[in-house]
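Trainee: First, the structure itself, so that you have it in front of you.
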Amino acid sequence: MDASRNIYKDEIDFTTLALQSPEFAKYLKSNGQLDFTDPDAVRQLSRSLLQRDFDLKVDIPDKRLCPPIPNRLNYILWLQDLLDTTGDKYQDSYDPDREVVGLDIGTGCCSIYPLLGCSMRPRWSFFATDIDDENIKSSRANISANGLDARVTVLRTDPEEKLIPLDTKVKVPRLDFTMCNPPFYASRDEMVASAEAKDRPPFSACTGAEVEMVTAGGEVAFISRMIEESLQPRDKVRWYTSMCGKLSSVSVLIEKLIEHGNNNYAVTEFVQGNKTKRWALAWSWTDLRPTSAVARNITTVPKHLLPFPAEYTFTITTESIDELASAVDAELTSLPIQWHWSKNSATGVGFAMQNVWSRQARRKLRHPDAMTDQPQVEESKATLGFKVQLKREIDDAKMVKVVIRWVKGTDIVLFESFCGMLKRKIDSKQ
């Protein structure tokens, strides 16, 4: 995640916020501190941040979970990056024309994720579900108060229903993502014990209703249920995602995905100053690969459980980046693949139906009928999609970085084989 996009990367300046929000100023102490044991002060902090930074007017009812805005923003920013790096245009950046539809499972009392998502991306829309009548009522009121009824649909569900009610209540052919901030605890006793173990639980005065905090089996059982449910719609949802409140849950859930044969997943950690950490997991049954910066943005998970890196990088010493670019273009043009090279950006995108670069494959290509035997390259059915980019090293004018980005596919060996081939071919020409 680009830190510059996170407006809360530094501690919130309460004094400045008080000058901008008279309602918040009423709760600020003379020493510039906020009493986090006062539920009214905590709720006003969230309201004032939403008003100032996102132009959102939000009512947060008593006895319901008060969303900490920096943490919720972190999740939305990560979702943006996840979608931006798995777009159909393979541009690894924000596409303002892209329509995105998401599902917020357990939207809470104010539908904070749909509100943030819609305020930041004008072409995003949401379905939002909850099992609590009070949450449904207040969420719908907040959506209407911000003029977002056409973009956010709040739905009442039952605990026995599917968490992802695609084709039943969420009547769309496909979703770009699901998101969820599940109940963390398996019982009320566990919730109380966790709170007592902390020196000063963040937002402790606003812990929310039990229905928002406790579920049978805790978050591992809840997210495991999501994983099992995802096996049926599979690629009708591009990314299934969930936040995790416990680091121990992440490894357990990754292992469940691997057991189901999934190797296209992403993990991250959300750190806000020196306060509460949260983690998030995403998985996809499609073959579009996010960048490593998005999928492997975590320091606390064993390396063998991290998703395979989506970039392979090496450097070449050369006097002319143009000559190197010509060599790369010529090598890949010679293969029976779909390949397009942009000289201006020194970037190319290619797709292959199979391994056509091995020695055995190259020998077959020399046969008179070889080209007629090759399957026609169809981007949607390609087993490997890749991007090659050349970048001049800033501190050494003679060094060029070659970045091979894996954008499509599930075959790790195929991607490694392609990277090894291209590196050998380029090395041999220097």
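Bear in mind these aren't lab numbers, they're just calculated from the coordinates by the rules spelled out. Computed from a predicted structure; not experimentally measured. Glycine gets a Cβ as well: all are built from the backbone with ideal geometry, and neighbour counts include every protein chain shown.
Trainee: In nm, to one decimal, how far is the THR317 label point from the ARG359 one, both placed 7 Å along Cα→Cβ?
Mentor: It is 2.8 nm.
Trainee: In whole Å, how far is the Cα centre of segment 256-309 from that of segment 142-170?
Mentor: A separation of 27 Å, based on Cα centres.
Trainee: Which of PHE127, PHE177, PHE54 moves most in a GNM of the chain, Cα contacts under 10 Å?
Mentor: PHE54
Trainee: Any chance you could give the angle, 0 to 90 degrees and rounded to 10, that helix 218-230 forms with the longest Cα principal axis of the chain?
Mentor: 50 degrees
Trainee: Another question, then. With N set to the number of residues, divide the alpha-carbon radius of gyration of segment 1-67 by 2.2 N^0.38 Å and report two decimals.
Mentor: 1.14
Trainee: Using all alpha carbons of segment 1-113, what is the percent of pairwise distances in each 10 Å bin, ordered from the shortest bin to the longest?
Mentor: 12, 37, 31, 15, 5, 0
Trainee: When the scattering of segment 124-166 is computed by the Debye formula from its Cα atoms alone, each counted once and equally, what is log10 I(q)/I(0) at q = 0.26 Å⁻¹?
Mentor: Reported log10 I(q)/I(0), two decimals: -0.91.
Trainee: Spelling out what I want: for every residue of segment 117-125, take phi, set θ = phi - 60°, compute 6.51 cos²θ - 1.76 cosθ + 1.60 (Karplus), and round to whole Hz; glycine and proline get x.
Mentor: Karplus values, whole Hz, x for Gly and Pro: x, 5, 5, 9, 10, x, 9, 8, 9.
Trainee: Fully extended, how many nm does the chain gain between ASP95 and LYS236 (0.36 nm per residue separation, minus their Cα-Cα distance)?
Mentor: Using 0.36 nm per residue and subtracting the Cα-Cα distance, I get 48.7 nm.
Trainee: Please identify, among LEU281, LEU305, LEU79, the residue showing maximal mean-square fluctuation in a Gaussian network model of the chain using a 10 angstrom Cα cutoff.
Mentor: It is LEU305.
Trainee: Related question: So if I place +1 on the C-beta of Lys and Arg and -1 on the C-beta of Asp and Glu, and nothing else carries charge, what would the dipole magnitude of segment 311-428 be about its Cα centre? I want it in debye, nearest 20.
Mentor: With only Lys, Arg, Asp and Glu charged at Cβ, the dipole is about 260 debye.
Trainee: If you project the alpha carbons of segment 311-428 onto their three principal axes, what span does each projection cover, largest first, in Å?
Mentor: For segment 311-428, the Cα extents along the three principal axes come out at 47, 29, 25 Å.
Trainee: Express the relative contact order of the chain as a whole percentage, based on alpha carbon pairs under 8 Å and six or more residues apart in sequence.
Mentor: 12 percent
Trainee: With the Cα gyration tensor of segment 83-173 giving a ≥ b ≥ c as the square roots of its eigenvalues, does the rule (a/c under 1.5 for rounded; else a/b larger than b/c for prolate; else oblate) give rounded, prolate or oblate?
Mentor: The shape class here is oblate.
Trainee: Next up: Among VAL407, SER320, SER417, which residue has its Cα furthest toward the positive end of the charge dipole of segment 311-428, with +1 on Lys/Arg Cβ and -1 on Asp/Glu Cβ?
Mentor: Sorting the options by dipole projection puts first SER417.
Trainee: Please find, in a Gaussian network model of the chain (springs between Cα atoms separated by less than 10 Å), the residue of GLN376, GLN44, GLN389 whose mean-square fluctuation is greatest.
Mentor: Sorting by GNM fluctuation, first place goes to GLN376.
Trainee: With r as the distance between the Cβ atoms of GLU161 and THR37 and R0 = 45 Å, compute the FRET efficiency 1/(1 + (r/R0)^6) and round to 0.05.
Mentor: So, using R0 = 45 Å, E works out to roughly 0.75.
Trainee: Shifting gears a bit: Between VAL413 and LYS9, what's the calculated FRET efficiency when r is the beta-carbon distance and R0 is 30 Å? Round to 0.05.
Mentor: 0.20
Trainee: With each pseudo-label sitting 7 Å past Cα toward Cβ, what's the ILE258-ASN344 distance in nm, one decimal?
Mentor: Going by the 7 Å Cα→Cβ label model, 4.5 nm.
Trainee: Which value, in Å³ per residue, describes the convex hull spanned by the Cα atoms of the chain?
Mentor: Per-residue hull volume (Cα only) is 168 Å³.
Trainee: Right, something else. I'd like the antiparallel share, as a percent to the nearest 5, of DSSP beta bridges with both residues in the chain.
Mentor: Antiparallel bridges make up about 65 percent of those DSSP assigns within the chain.
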